[in-house]
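Just so you know, all these numbers are worked out from the coordinates, no wet-lab data involved. Being a predicted model, the structure only gives us computed values, none of them experimental. Cβ coordinates were reconstructed from backbone atoms using ideal geometry, including for glycine residues, and neighbour counts include every protein chain displayed.
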Amino acid sequence: MLAPMIRTARRTAPRHFRLGLVPALALNLAVVLGSACSTAHHSVASTPRAAFTAIVVMPTLGDGAVLQREDAIDVWGTAPANLDLVVEASWLDAPVPTRSDADGHFEADVPTGPAGGPHRLVVRPARSTTDVAAHAVEDLWLGEVWIASGQSNMEWSVAAARWNGLDQAGYARAVANCADEQLRFFQVPNRTSLEPEQVCTGTWVAVAPETVEGLSAVGLHFARRLRAELDVPIGIVQADWGGTVAEAWTSAEALRAFGGFDADLAKIAEETADPGSQGVALATRQDRWWRGIDASDRGLRERWFARDVDTSDWRAVEAPGDPDGGFDGCMWLRRDVEIPESWAGRDLMLHLGPVDDMDVVWLDGEEVAATKVWNRWNEPRHYRVPREAVRAGKVSVTVLCVDTGGGAGMHGRADEMYLHPVNASSERVELAGPWSYRRGASMGDLGTFPTSNWFGPNTPTALFNGMIAPLERTRVRGAIWYQGESNASRPEQYARLFPAMIEDWRGRFRAADDGLAFPFYYVQIAPFGRGDDGGSWAQLRMAQTAVMPGARGVPERFHRAALAHTGMVVTTDVGNPTDIHPKRKLAVGERLANWALADTYAESLSASDARQARWRALPHRSPEPAGFERAGTALTVTFERTDAANELVTVDGAAPDGFEIAGPDGVFHAASAELVERLAASGGQAVRLTSPAVSEPVSVRFAWASDAMPNLRTRGGLSLGPFVGRADG
């Protein structure tokens, strides 16, 4: 067993729901949470507070949750006002008393024990004389809980990554064999908010063939690695949003102290104080646009999705593929399939691959799924079809693709398009091949789809308020993070902003007297071809490097945060220069887990525990240059070598590539590189660089291109990230 990591729970004043639009709660948690997480914001004072008449615990502590072991968790929720309560848990020797306040809010600090489960927790009235029913939470497990956050490469699903870029057969096997009752996810819905929310909706799910495809691939591989090493339940709280900036994930207090975002913060404050004063919310405008399709599109008016539609004048097309190159608007696609008798009355999974841009799907005339969110053009669709909509025999699958510009239609691979019963992916009806197609309304008829607003997912504080603030009372071990592409044009600012965000989170998820850091491990942005970007992506990667203690090879002007218990995964060996979302997520997740094992979990063990030395020796931190030396026409970059795993080699046996050197004029030229051993007294290794165009080398840079994938590795399998340096001697 790992040594106990018991901490004092954060004690804060009880927090209250923002009731917003709710005139009466009617004891319905869905109504409470729908209001609390709404992106529409109204003054609390404008609506009278309704009385709570039942005991309700918040969703992050719902059925199936993984709770941080050997800790003290915050059990909180609502109940009738001024009611004495007790919290009972199957791992406790005695109940924990608490009491709801005059507004009906309660909280209790409940200690947790060693890893294990399943457990049960009950919040009930302290006296049996009341008729208020107890609230029970079932199937709880005590283990390790981590937040997984960032932008699209963290959000990228198991299905989109094909597990780890596997072929169809390999992927099917991986999904079929993935079930783990003690590995669970809580996916936070994508929400923006003007103010910090207290509650978010969601449910905990165990990893299984019917759930795994929609989970974060990086988060899954991280969790599976921890499960294998720690042998305890693992919970991942997934809160991510593609294409977003770091300032959106940072609180107003932290940004105010940071500076540079005052205008945005002032506008948010004005909108909060006077709702609607700063313009109509983007979500409202998008909802109006979708409602307008009903009147503008002939297909919807004439019900082209109905079971008995005559498609004799529809055009034949092949899917996947763009059905009508150059047309932007409503594209109707339809195909008849044969549903086996054995499938009738069973839940199905409908896979369409990526759809550009948005879509609505009908099965035999019944709407079963939709993606009405813009910028999901490259995300595979995985829709669950309820059993009530499934009958045997010939049925129609109708897809309305709404393309706002550029390419269109179902544009993935043929093996991404199929239908199968839940938990039976080997029983398939293929959907690739011939479809029927007909044009609907054009974008000229529909009008421009609203895609931006002054307030949205990239507004400072918007995602912190909507997705991170609701988690503050959830006890977690630490966080993993994959983000940076959207800040790549501002690398110098990011070198200060990113650590400011980390410190902001640490202050909220850890009390000052905890005595332990909040570990934060992150991924350096992956290689992707952007032409000549002036080195902005390489510099963003170095800004990420600068967060770690002892960072080297970083531009002098960059802030070096040197935050303890941070660690970065380099991905220059597992990227794809033509795909900003590389599919090889396995190494990324496992390297993040190696950081956690080496830096967090090894620290909790005694020196006599053999796992401590083994975990600390896991490959996790990529080498950085130790120094730069010039001798004549050569410039040498030196590296420390602490053990055999750190020895530098080239993966292809060729000379190292990716190096450039410059003379006093500052003009860089490609360099010839040679790996050399240093003198025994100095230790380590070096790369000796020369170029016929540079007679007096002064400066060096490595992996400067946005899509650089150099061949230099450690024997432990780690690649090197970009760095710069200067040798004036």
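Based on Cα contacts under 8 Å between residues 6+ apart, the chain shows a relative contact order of 12 percent. Legend: ranking of residues Phe261, Phe327 from fewest to most surrounding C-beta atoms inside 10 Å; resulting order Phe327, Phe261. Computed from point charges on the beta carbon alone (+1 for Lys and Arg, -1 for Asp and Glu), the dipole magnitude for the chain about its Cα centre is near 780 Debye. Fewest neighbouring Cβ atoms within 10 Å first, the residues Asp63, Asp573 line up as Asp63, Asp573.
Taken one residue at a time, the phi angles of the range 144-150 give Karplus couplings (6.51, -1.76, 1.60, θ = phi - 60°) of 10, 10, 10, 8, 10, 9, x Hz. Gly and Pro are set to x. If you wrap the Cα atoms of the range 627-726 in a convex hull and average its projected area over all directions, you get 6.3 nm². In terms of surrounding Cβ atoms within a 10 Å radius of their Cβ, Ser622, Ser452 rank from fewest to most as Ser452, Ser622. Run through the range 470-564 and list the GluC sites (Glu not before Pro) located in a DSSP loop whose Cβ has at most 11 other Cβ atoms within 10 Å. Here the sparse-neighbourhood loop sites are Glu556. Long hydrophobic helices in the chain: none of the complete DSSP H runs spans 30 Å or more by Cα along its own axis with mean Kyte-Doolittle hydropathy of at least -1.0. Descending by average beta-carbon neighbour count within 10 Å, the peptides 306-319, 181-194, 164-177 line up as 181-194, 164-177, 306-319, the highest first. Taking P(r) over Cα pairs in 20 Å bins from 0, in percent as calculated from this structure, the corresponding entry among [x] 16, 45, 33, 6, 0; [y] 15, 37, 33, 14, 1; [z] 13, 28, 23, 17, 12, 6, 1 is [x].
If you take the Cα centroid of the range 312-390 and the Cα centroid of the range 196-222, the two points sit 24 Å apart. Note on the range 264-289 and the range 114-136: Cα centroid distance 41 Å, given to the nearest whole angstrom. Put the Cα centre of the range 161-176 next to the Cα centre of the range 538-593 and the gap is 27 Å. Here's the list of aspartates and glutamates a cross-link from Lys372 could span, going by alpha-carbon distance under 12 Å and ignoring same-chain residues fewer than 8 apart: Asp287, Asp356, Asp357, Asp359, Asp403. What the Cβ-Cβ distance of Arg616 and Ala655 gives, at R0 = 35 Å and to the nearest 0.05, is a FRET efficiency of 0.60. Cross-link partners for Lys585 among the lysines, with Cα-Cα distance under 21 Å and sequence neighbours closer than 8 places in the same chain left out, do not exist in this structure.
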